[in-house]
Amino acid sequence: MARRALITGITGQDGSYLAEHLLAAGYEVWGLVRGQANPRVSRLRRLLGDVRLVRGDLLDQGSLISAVERVRPDEVYNLGAISFVPMSWEQAELTAEVTGMGVLRMLEAIRVCSGVSSSRTADPSGQIRFYQASSSEMFGQVRETPQNERTPFHPRSPYGVAKTYGHFLTQNYRESYGMFAVSGILFNHESPRRGAEFVTRKVSLGVARIKLGLAGELRLGNLEARRDWGYAGDYVRAMRLMLAAGAPEDYVIGTGRTHTVRELVEAAFSAAGLDWERHVVRDPSLHRPAEVDLLCADPKKARSHLGWEPSVSFEELVAQMVESDIRLLSDGGDPDQESSWP
Ligand code: NAP
Ligand code: GDD
């Protein structure tokens, strides 16, 4: 029988790639969706007609229990979150509730539906396997470089703090109840489906608008921050590999290469034959109250235990995003309406 997966956050970037990946591997894929008229749900439906949907919200414990009871998944991927870091200062409590407490609610739904009342279960086989979308933002003000599974955390935003709670809770449910629960500590990953507010997509859309004569400038914040940027399609493969492993363990997923935002900007403008210095305007209002200056993964464990490797380089990724956005805008697509997804 086909394995059955339930994905929270299926309308987001990673949810769409993960659903595609699992469908191709023969899974029955269910997505948890909230709200009544979410244009992101129609976008997903257009792209992936085979996905089944169940209503629910990470803020609502009962809805998660009902969803797990109805779907009876073999695997749960908890990707749902408020994921835009600046928003986590503006709505810190909501971020804690969705990105942090949402993990607790999902784990509790699985625990209750699996009939685990207290202490460790005797037999971990046949359990619902749980993946938590943790983040390199937990490293924050980094204690060492590159960062691996043993690097201590020092989160620098309410988002990072909420993710750190979710990470430790996932470990705790594994230790307390013997659940197959893993935390994937993923570094930044991008694609043409990335939300327009994140810097890579803001830059690729900005370059496309300038190239097509629709805009003259692009306003950006801190150009010196360094990130380890990879391709989202590669990272969802790692999620499945973690749940297919013989034992539940946590993994760092990244490329091991780091670039400044300035290098990203240079690469994106040059992919379109443009000189970035003529168009980029530094805007101090876009700086964050506390910045994460440097992220760089040490993905050795994922390589040796899971056989995971990234397949798309930084340069290829940036060029693909720019090309895709030039095509989107030339065809009259509107990224703000989220009407089209490659
Ligand atoms: P994304 O595009 O921002 O998607 C976030 C998803 O969360 C959306 O589907 C959204 O659904 C859902 N969501 C928001 N509030 C919810 C709620 N109350 N209940 C249920 N679902 C809710 O994020 P992404 O880039 O795909 O990232 C996926 C996950 O990985 C997130 O947890 C993110 O924090 C984490 N992560 C991402 C990266 C990265 O570089 N992309 C790196 C490390 C970790 P709606 O359509 O209903 O709003
Ligand atoms: N968004 C944005 N907009 N970022 C800018 C801008 C701008 O105009 N100008 C400079 N930056 C800098 C930010 O200050 C940050 O240092 C860097 O670009 C990356 O910002 P984002 O693309 O917004 O991503 P993030 O690193 O804060 O968070 C993403 O990666 C995390 C994993 O490390 C998100 O996907 C998180 O959900 C994820 O956990």
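The values are calculated or read from the model by the stated rules, or taken from the named source; none is laboratory data. Keep in mind it's a predicted model, so treat the numbers as computed, not measured. Ideal geometry is used to build each Cβ from the backbone, glycine not excepted, and the neighbour counts take in all protein chains shown. Remember, those area values only see protein heavy atoms, side chains included, never the ligands or the DNA or RNA. Shrake-Rupley method; radii C 1.70, N 1.55, O 1.52, S 1.80 Å.
Descriptive notes on the structure:
- Qualifying residue in the stretch 269-285 (condition: β-branched (V, I, T), open to solvent by less than 30 Å² (accessible area, probe 1.4 Å) and either under 25 Å from the mean Cα position of the chain (by Cα) or within 16 Å of ligand 1 (Cβ to nearest atom) (or both)): no
- Among the residues of the stretch 15-38, at least one is within 16 Å of ligand 2 (Cβ to nearest atom), of a type in the set (G, A, S) and at pLDDT 95 or above.
- Filtered residue count, the stretch 162-195, keeping only those that are in contact (Cβ under 8 Å) with a residue 40 or more places away in the chain, part of a helix (DSSP H, G or I) and among the hydrophobic types (A, V, I, L, M, F, W, C): 2
- Answer residue from the stretch 106-118, given it is surrounded by fewer than 18 Cβ atoms within 10 Å (Cβ to Cβ) and not aliphatic (A, V, I, L, M) and is nearest to ligand 2 (Cβ to nearest atom) among those: E108
- Leading residue by the ranking (nearest to ligand 2 (Cβ to nearest atom)) among those in the stretch 137-165 that are open to solvent by 40 Å² or more (accessible area, probe 1.4 Å) and of a type in the set (D, E, K, R): R156
- G246 passes every criterion in (1) in the same structural domain as N148 (by TED's automatic domain parsing); (2) under 27 Å from T145 (Cβ atoms); (3) open to solvent by 60 Å² or more (accessible area, probe 1.4 Å) apart from (2).
- Condition met for R120 (in contact with a helix residue (DSSP H, G or I) (Cβ under 7 Å, 6 or more places away or on another chain) and modelled with pLDDT under 95): yes
- Filtered residues of the stretch 287-312 (kept if without any contact (Cβ under 8 Å) to a residue 24 or more places away in the chain and within 21 Å of P192 (Cβ to Cβ)): none
- Residue check, V199 within 16 Å of ligand 1 (Cβ to nearest atom), in contact with an Asp or Glu (Cβ under 7 Å, 6 or more places away or on another chain) and either touching a residue at least 60 places away in the same chain (Cβ under 8 Å) or open to solvent by less than 30 Å² (accessible area, probe 1.4 Å) (or both): no
- All positions within the stretch 123-136 that are open to solvent by 40 Å² or more (accessible area, probe 1.4 Å) and modelled with pLDDT under 95: D123, P124, S125, G126
Every residue, every condition in (1) under 15 Å from P73 (Cβ atoms); (2) among the aliphatic types (A, V, I, L, M); (3) touching a Leu at 6+ places or on another chain (Cβ under 6 Å), yes or no:
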site	(1), (2), (3)
G31	yes, no, yes
R43	no, no, no
G49	no, no, no
L58	no, yes, no
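- Scope the stretch 286-317; condition open to solvent by 70 Å² or more (accessible area, probe 1.4 Å) and within 16 Å of ligand 2 (Cβ to nearest atom); matching residues: L286, H287, R288, P289, D293
- V236 being more than 16 Å from V318 (Cβ to Cβ) and outside any helix (DSSP H, G or I): no
- Checking R52, R72, R40 one by one, the residue that is basic (K, R), in the same structural domain as S134 (by TED's automatic domain parsing), in contact with a strand residue (DSSP E or B) (Cβ under 9 Å, 6 or more places away or on another chain) and free of Cβ contacts under 8 Å to residues at least 40 places away in the same chain is R52 and no other.
- Within the stretch 258-266, none of the residues are touching a residue at least 24 places away in the same chain (Cβ under 8 Å), farther than 27 Å from G221 by Cβ, in a helix (DSSP H, G or I) and within 16 Å of ligand 1 (Cβ to nearest atom).
- Leading residue by the ranking (nearest to ligand 2 (Cβ to nearest atom)) among those in the stretch 58-105 that are among the hydrophobic types (A, V, I, L, M, F, W, C) and more than 21 Å from the chain's Cα centre (by Cα): A67
- The listed residues are R219, R237, R227, and the only one of them that is in contact (Cβ under 8 Å) with a residue 60 or more places away in the chain and within 14 Å of ligand 1 (Cβ to nearest atom) turns out to be R227.
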